[in-house]
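Q: This structure is in structure tokens; I'll ask about it shortly.
The values are calculated or read from the model by the stated rules, or taken from the named source; none is laboratory data. What you see is a predicted model; the values in this text were computed from it and never measured. Cβ placement follows ideal geometry from the backbone for every residue including glycine, while neighbour counts extend to all protein chains displayed.
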Amino acid sequence: MSTMTGVILPGNSTVEFREFPIPEPGPGQVLVRMKASSICGSDIRAIYREHLGKGPEGYQNVIAGHEPCGQIERVGPGCKQFQPGDRVVIYHISGCGVCDECKHGYMISCRSPFRAAYGWQRDGGHAAYLLAEENTCVPLPDSLTYVDGALCACGFGTAYEALRRMAVSGQDRLLITGLGPVGLAAAMLGKALGVTTVIGTDPSEARRALAAELGLVDHPLPADADALDQILSLTGGWGCEAAIDCSGAAVARELALTGTRDWGRCAYVGEGGTVSFEVSKLLIHKQITLYGSWVTSLKHLEEVVERLDRWGIHPDRTSTVRLPLQQAAEAYELAAGGQTGKVCIVFDE
Ligand SMILES: [Zn+2]
Ligand SMILES: [Zn+2]
């Protein structure tokens, strides 16, 4: 077999299947047989509905899917770390490798024209095979499943990076606005880091119910006009020591700040849109540190999979929809509906 079927996103809320040659790994490259390849909110926001992205989010009609995980099938000349059979998560951006950001492992922030994200500017994981740079692969510990790995490639990595930057610990209660896949990731990782109470808000009843059912959010609240009062009454009138917005919605971003305790930390990871708030009242006078955090670094991706292995916890619990590649249209439709847990394309073992 020399060809494979890959998924293209034309940008009108449909998916298209096309045949592609199975790529040949060149120097420093590996051919990865896909096992799990999940769908991200960014795929929906910037590609599936319409091609909105520019620059690093500009979609170039490549095979979609930037959360790939699989097993190495072949290695090209000069590979230094991996062998056929190794299980790997793929950090979803291949940077130039020589700029300041790349040297720190933040290939996400690389501004070189050589930067290419899988599923955006170079072929991604919605096909049987993916051609990856060896230096973007991270070993997947044996205790983790391929779905665990796919979920770390973007969503869990994003949540981990923000929690890590806020130095979230057992001293904190955590407020999460937006209980989609990244919100659930923040809840799971926050608990593992020792957070005593997780309060979460979301307008979707189904998402609140899932967060409660998984035991990840202690207090799932509707994202309505009463939310702030409820957050304050659950925290002795103080608010939470740490907060993270995973929704990208303006009201939720504001709620994340108003629900943060004085001297607390707040992070924005939900993408898109705008926000306006009273800076003196909500930020300056409350002495809050506000972080913007974009995905994670290669090193921190490696770190989060190592921690998950040690903690014995599984991101795949948050993936409630798993479909084969042939049902990619249904998978994207469900992901766009915003009512489910993480949607993941899975391949035969
Ligand atoms: Zn993503
Ligand atoms: Zn770079």
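Q: Condition first: away from ligand 2 (no atom under 16 Å from the Cβ), more than 20 Å from Thr158 (Cβ to Cβ), crowded, with 16+ Cβ neighbours inside 10 Å and in contact (Cβ under 8 Å) with a residue 24 or more places away in the chain. Can you find one or more residues in segment 45-53 that meet it?
A: From segment 45-53, those away from ligand 2 (no atom under 16 Å from the Cβ) are 45-53; that's our starting set.
Narrowing the set further to residues that are more than 20 Å from Thr158 (Cβ to Cβ) leaves 49-51.
Retained after the next criterion (residues that are crowded, with 16+ Cβ neighbours inside 10 Å): 51.
From what's left, in contact (Cβ under 8 Å) with a residue 24 or more places away in the chain: 51.
Yes, because at least one residue in segment 45-53 is away from ligand 2 (no atom under 16 Å from the Cβ), more than 20 Å from Thr158 (Cβ to Cβ), crowded, with 16+ Cβ neighbours inside 10 Å and in contact (Cβ under 8 Å) with a residue 24 or more places away in the chain.
Q: Give the residues of segment 61-118 that are within 16 Å of ligand 1 (Cβ to nearest atom), under 18 Å from the mean Cα position of the chain (by Cα) and of a type in the set (A, V, I, L, M), sorted by residue number.
A: Of everything in segment 61-118, those that are within 16 Å of ligand 1 (Cβ to nearest atom), under 18 Å from the mean Cα position of the chain (by Cα) and of a type in the set (A, V, I, L, M) turn out to be Ala64, Val89, Ile90, Ile93, Met107, Ile108, Ala116, Ala117.
Q: Here are Val279, Val295: which of them is β-branched (Val, Ile, Thr) and either touching a Phe, Trp or Tyr at 6+ places or on another chain (Cβ under 6 Å) or without any contact (Cβ under 8 Å) to a residue 24 or more places away in the chain (or both)? Walk me through it before giving the result.
A: Working: Val295 fails: either touching a Phe, Trp or Tyr at 6+ places or on another chain (Cβ under 6 Å) or without any contact (Cβ under 8 Å) to a residue 24 or more places away in the chain (or both).
Going through Val279, Val295 in turn, the sole match is Val279.
Q: Hey, another quick one. Hey, does segment 249-262 have a residue that's crowded, with 18+ Cβ neighbours inside 10 Å and among the acidic types (Asp, Glu)?
A: Scanning segment 249-262, I find at least one residue that is crowded, with 18+ Cβ neighbours inside 10 Å and among the acidic types (Asp, Glu), so the answer is yes.
Q: While we're on this one: Exactly one of these conditions fails for Gly178: (1) buried (at least 24 other Cβ atoms within 10 Å of the Cβ); (2) on the phi < 0 side of the Ramachandran plot. Give me its number.
A: Evaluating Gly178 over (1) buried (at least 24 other Cβ atoms within 10 Å of the Cβ); (2) on the phi < 0 side of the Ramachandran plot leaves (2) as the failure.
Quick grid of which residues meet (1) within 30 Å of Ala185 (Cα to Cα); (2) touching a strand residue (DSSP E or B) at 6+ places or on another chain (Cβ under 8 Å):
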| site | (1), (2) |
| --- | --- |
| Glu24 | no, yes |
| Val30 | yes, yes |
| Ile44 | yes, no |
| Pro56 | yes, yes |
| Asn61 | yes, yes |
| Arg74 | no, yes |
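Q: Ok, one more. Take Leu31 and tell me if it is over 25 Å from Pro139 (Cα atoms) and among the aliphatic types (A, V, I, L, M).
A: Details: over 25 Å from Pro139 (Cα atoms): no; among the aliphatic types (A, V, I, L, M): yes.
When the stated conditions are applied, Leu31 does not pass them.
Q: Go through segment 306-329 and report how many residues are touching an Asp or Glu at 6+ places or on another chain (Cβ under 6 Å) and either part of a helix (DSSP H, G or I) or within 20 Å of Ala117 (Cβ to Cβ) (or both).
A: 2
Q: Now a separate question. Since Glu161 meets every condition but one in (1) within 30 Å of Glu205 (Cβ to Cβ); (2) within 16 Å of ligand 2 (Cβ to nearest atom); (3) of a type in the set (D, E, K, R), which condition does it not meet?
A: The single condition Glu161 does not satisfy is (2).
Q: I've got another one for you. Quick check on segment 107-124: of everything there that is within 15 Å of ligand 2 (Cβ to nearest atom) and assigned to a strand (DSSP E or B), which residue is surrounded by the fewest Cβ atoms within 10 Å (Cβ to Cβ)?
A: The first filter runs over segment 107-124 and keeps only residues within 15 Å of ligand 2 (Cβ to nearest atom), leaving 107-117, 121-122.
Checking which are assigned to a strand (DSSP E or B) leaves us with 116-117, 122.
Values: Ala116: 21, Ala117: 26, Arg122: 19.
For segment 107-124, the residue satisfying everything is Arg122.
Q: Considering only segment 75-101, state which residues are within 16 Å of ligand 2 (Cβ to nearest atom) and in a loop (DSSP other than H, G, I, E, B).
A: Correct list: Tyr91, His92, Gly95, Cys96, Gly97, Val98, Cys99.
Conditions tested, residue by residue: (1) surrounded by fewer than 17 Cβ atoms within 10 Å (Cβ to Cβ); (2) in a loop (DSSP other than H, G, I, E, B); (3) at pLDDT 95 or above.
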{"site": "Trp238", "(1), (2), (3)": "yes, yes, yes"}
{"site": "Cys266", "(1), (2), (3)": "no, no, yes"}
{"site": "Gly272", "(1), (2), (3)": "yes, yes, no"}
{"site": "Leu283", "(1), (2), (3)": "yes, no, yes"}
{"site": "Gln287", "(1), (2), (3)": "yes, yes, yes"}
{"site": "Trp294", "(1), (2), (3)": "yes, yes, yes"}
{"site": "His300", "(1), (2), (3)": "no, no, yes"}
{"site": "Val304", "(1), (2), (3)": "no, no, yes"}
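Q: With a cut-off of at least 2 residues that are closer than 23 Å to Ser94 by Cα and in contact (Cβ under 8 Å) with a residue 60 or more places away in the chain, name the helices (runs of 4 or more DSSP H) lying wholly within segment 125-212.
A: Working: elements: 146-151, 157-165, 181-192.
Fully inside segment 125-212 and qualifying: 146-151, 157-165.
Q: Which of the numbered conditions does His104 fail, given that it passes all the others? Conditions: (1) crowded, with 17+ Cβ neighbours inside 10 Å; (2) within 16 Å of ligand 2 (Cβ to nearest atom); (3) touching a residue at least 60 places away in the same chain (Cβ under 8 Å); (4) not small (Gly, Ala, Ser).
A: It is condition (1) that His104 fails.
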